[in-house]
Amino acid sequence: MRNAKAIYMGLQEAGCQVYGGVNAPYIWLKVPEGMTSWEFFDCLLEEAGVVGTPGSGFGPSGEGYFRLTAFGTYENTLEAIDRIKKMPSLNK
């Protein structure tokens with residue numbers, strides 16, 4: 001859950017709307033305006049080298065959101081959040 005808190009706080013600092021990460025190791029974020037969850041998947045992979053799950057995979061209500069998990073080492077989690085914060089598509 002320490003990783004979940006780091007992801008949650010890091011994404012908030014990056015200006016993302018984030019949800020979850022309190023009772024489960026999954027953090028949801030609202031994708032940037034004008035982007036589908038699959039388009040955000042592509043940007044996240046290309047710009048940050050980070051992989052997550054497009055919300056559309058969870059049904060129609062998941063579109064517009066993206067899920068990250070807090071499984072992994074703490075060091076890798078911090079590195080991933082640092083990369084996400086530097087994404088050009090988040091810093092428009």
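Does region 48-65 hold any residues that are surrounded by fewer than 16 Cβ atoms within 10 Å (Cβ to Cβ), of a type outside the set (A, V, I, L, M, F, W, C) and not in a loop (DSSP other than H, G, I, E, B), and which are they?
Correct list: 57, 60, 61.
Every residue in region 56-88 that is polar (S, T, N, Q) and closer than 16 Å to residue 20 by Cβ, please.
61, 69, 77, listed by residue number.
Give region 1-40 a look and list any residue that's among the small types (Gly, Ala, Ser), assigned to a loop (DSSP other than H, G, I, E, B) and touching a residue at least 40 places away in the same chain (Cβ under 8 Å), or say none.
14, 15, 21, listed by residue number.
Go through (1) in contact with a Phe, Trp or Tyr (Cβ under 9 Å, 6 or more places away or on another chain); (2) surrounded by 15 or more Cβ atoms within 10 Å (Cβ to Cβ); (3) at negative phi; (4) of a type outside the set (Val, Ile, Thr) and name the single condition residue 43 misses.
Result: residue 43 fails condition (1) only.
Here are 79, 13, 46: which of them is out of contact with any Lys or Arg (no Cβ under 6 Å at 6 or more places or on another chain), under 23 Å from residue 91 (Cβ atoms), of a type in the set (Asp, Glu) and at pLDDT below 95? I'd like the intermediate steps shown before the answer.
Working: 79 fails: at pLDDT below 95; 46 fails: at pLDDT below 95.
Being out of contact with any Lys or Arg (no Cβ under 6 Å at 6 or more places or on another chain), under 23 Å from residue 91 (Cβ atoms), of a type in the set (Asp, Glu) and at pLDDT below 95 holds for just one of 79, 13, 46, which is 13.
Considering only region 66-75, how many residues are outside any loop (DSSP other than H, G, I, E, B), under 14 Å from the mean Cα position of the chain (by Cα) and not aliphatic (A, V, I, L, M)? Can you show your working first?
Applying the first criterion (outside any loop (DSSP other than H, G, I, E, B)) to region 66-75 yields 66-69, 74-75.
Retained after the next criterion (residues that are under 14 Å from the mean Cα position of the chain (by Cα)): 66-69.
Right, trim to not aliphatic (A, V, I, L, M) and you get 66-67, 69.
Total satisfying the criteria: 3.
The values are calculated or read from the model by the stated rules, or taken from the named source; none is laboratory data. Quick caveat: nothing in here was measured; it's all calculated off a predicted structure. We place every Cβ from the backbone using ideal geometry, glycine too, and count neighbours over all the protein chains shown.
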